[in-house]
Every structure is written in structure tokens, then in C-alpha cells.
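Chemist: Here it is: the structure, laid out below.
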Amino acid sequence: MDTRTAHTSELAAGELREVRDLLDAAFDGDFADEDFEHALGGMHVLVREDGRLVAHGSVVQRRVLHRARALRTGYVEAVAVRADHRRRGYGNTVMAALEAVIGRAYVLGALSASEDGAGLYLSRGWAVWPGRIGTLSPDGPVRLPDEEGSTYVWTPPGGVRLDPAGRLDFDWRDGDVL
Ligand SMILES: CC(C)(COP(=O)(O)OP(=O)(O)OC[C@H]1O[C@@H](n2cnc3c(N)ncnc32)[C@H](O)[C@@H]1OP(=O)(O)O)[C@@H](O)C(=O)NCCC(=O)NCCS
């Protein structure tokens, strides 16, 4: 098994194509161009077996407004393992490498979990954010009640302490905000 951590700028065009193909297959075609765009511009973890890409995840920077502070947040995107390689620890390998990046570069980790992914994140100490979720939309701050219950946070050692009574307002983006 070969695990590589690299910035988007260090990936060859062919590697980005491999990542996109993996994601299209892993999400059964339910992976939009905007979802892929959200996974770019940060650090990728690529796991290869005999040269073939079998697992991927990335972490990108977002600002999360919480209690009047704009928290430098590592937002996890595009975690996927090839279907015939699941339940062998690849998901955990990807998350461990992404958490190492978050621990060195951010004060908070966050992600939006699919049903498939929830167990993986919970078992690694990520927790559903128990409070409100929102975004700083072009029309001003708006609450996103549909994202409450599926948004997970993880505080690295020395990271920020969150107040569950306060809202997490994520920066705006095209497509799914979370
Ligand atoms: C979610 C996903 C990334 C998990 O990947 P994975 O490689 O199966 O994850 P792991 O193997 O590390 O862990 C999954 C489970 O297998 C278990 N496991 C790990 N190694 C194992 C092994 N050698 N033998 C048996 N079980 C094992 C883990 O303990 C874990 O068990 P749990 O679900 O009871 O906690 C994968 O299912 C996937 O790609 N799903 C589709 C895309 C998706 O939804 N991605 C998440 C987006 S938020």
C-alpha cells in the first residue's frame, strides 16, 4: 500500500482524472462537478494498491464564523474507497492522514457525512455538531437546518473550543454549501 499526501497543485492531470473516476464510481454517479470542485485547492490523500488508486480524501480550508471568530477550518471532502476494497481499513488510513493535516494546519476539522461515512467518522472521535448550522450567503447569514445532524466536527489537540450554544456559519460556495 502506498499512501501519498499532496496539494492539488502537485497532482498531475492524469491523477486528478483518476481521483474523479474513483469518486464517480464510489458515489454511484451521484458526484457532481461542483462536488469535485469543492475537493480541490487543498491537500489530498491518495492510497494506491499495486499502482491503482483505491482510496482518496482531501481537506480544504474554509472559514467558519463562530462566536464572532472566523475559525481556520480544515473541511474534509471526497472521502471514498473503491467498492471492492471497503472494510479493510483504507477509509481509516485516509482519515488518519487527513487528521494529521488538520492537526498541523487548522484549529478545527469539519465535514458533512454520508450515511456510509457516519460510522467511520464517529469511530474516529468526530462528533455531530449539536447546535445550529448556517452560512454567510450572498444575501447575508442564513440558517441551514437541513445540515444540522449530518455536520461533524473534530477538534485537534490544541484546537479551538466550540460553544454548542453558538452557531457555525460556513463560508459560502456554489453547489452544496456543506
Ligand atoms: C465510507 C467509506 C469511505 C469507508 O471506507 P472503508 O475503507 O470501508 O473504511 P474502513 O475499512 O477503514 O472502516 C470501515 C469499517 O470496516 C472495519 N474494518 C477495517 N478494517 C477491517 C478489516 N481488515 N476487516 C474487517 N473489517 C475491517 C472498520 O472497523 C469499520 O467498521 P465499522 O463500520 O463497524 O466502524 C466507504 O464505505 C465509501 O467509500 N463509501 C462510499 C462513499 C462515501 O459515502 N464516502 C463518505 C462520504 S462522507
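Chemist: Under a no-solvent Debye model with one identical scatterer per Cα of segment 25-120, what's log10 I(q)/I(0) at q = 0.15 Å⁻¹?
Modeler: Log10 I(q)/I(0), no solvent term: -0.60.
Chemist: Restricting to segment 1-115, compute how many DSSP beta bridges are antiparallel as a %, nearest 5. List each step's numbers first, then the result.
Modeler: Values: 24 of 27 bridges.
Antiparallel bridges: around 90 percent, rounded to the nearest 5.
Chemist: Picking from ASP33, ASP50, ASP163, which is most flexible by a Gaussian network model of the chain using Cα springs under 10 Å?
Modeler: ASP50
Chemist: Count the net charge of all other residues whose Cβ sits under 12 Å from the Cβ of ILE133, scoring Lys and Arg as +1 and Asp and Glu as -1. Let's see the in-between values first.
Modeler: On the way: positive: ARG132, ARG143, ARG167; negative: ASP146, GLU147, GLU148, ASP169.
Around ILE133, the surrounding residues sum to -1.
Chemist: Can I ask one more? Between VAL128 and GLN61, take the C-beta separation as r, use R0 = 35 Å, and let me know the FRET efficiency to the nearest 0.05. It would help to have the intermediate numbers written out before the result.
Modeler: Working: r = 22 Å, r/R0 = 0.63.
Calculated transfer efficiency: 0.95.
Chemist: Please turn the phi angles of segment 129-137 into ³J(HN,Hα) values with the Karplus equation 6.51 cos²θ - 1.76 cosθ + 1.60 (θ = phi - 60°), one per residue in order, whole Hz, x for glycine and proline.
Modeler: 5, x, x, 7, 10, x, 8, 8, 7
Chemist: Cα convex hull of segment 120-172: mean projected area in nm², to one decimal?
Modeler: Details: hull surface 16.9 nm².
If I average the Cα hull's projected area over directions, I get 4.2 nm².
Chemist: Something else now. For segment 2-170, what number results from the quotient of the Cα radius of gyration and 2.2 N^0.38 Å? List each step's numbers first, then the result.
Modeler: Numbers: Rg = 15.8 Å, N = 169, 2.2 N^0.38 = 15.5 Å.
It is 1.02.
Chemist: Rounded to the nearest 5, what % of DSSP beta bridges with both residues in segment 94-178 are antiparallel?
Modeler: On the way: 10 of 13 bridges.
Counting only bridges with both partners in segment 94-178, antiparallel ones make up about 75 percent.
Chemist: Report, by chain and number, residues whose modeled amide H sits under 5 Å from the one on PHE31, excluding near sequence neighbours (fewer than 5 apart, same chain).
Modeler: Excluding prolines and chain starts, which carry no amide H, there are no hits.
Chemist: Still on this structure, I have one more. For segment 4-70, run through the trypsin sites (Lys or Arg not before Pro) and keep only the ones in DSSP coil with at most 15 other Cβ atoms within 10 Å of their Cβ.
Modeler: On the way: sites: ARG4, ARG17, ARG20, ARG48, ARG52, ARG62, ARG63, ARG67, ARG69; in loops: ARG67.
Filter output for segment 4-70: ARG67.
Only the coordinates and a few stated rules stand behind these numbers; no lab work does. Predicted model, so just to flag it, every value in this text is computed and none were measured. Backbone-built Cβ (ideal geometry, glycine too); neighbour counts: all protein chains shown.
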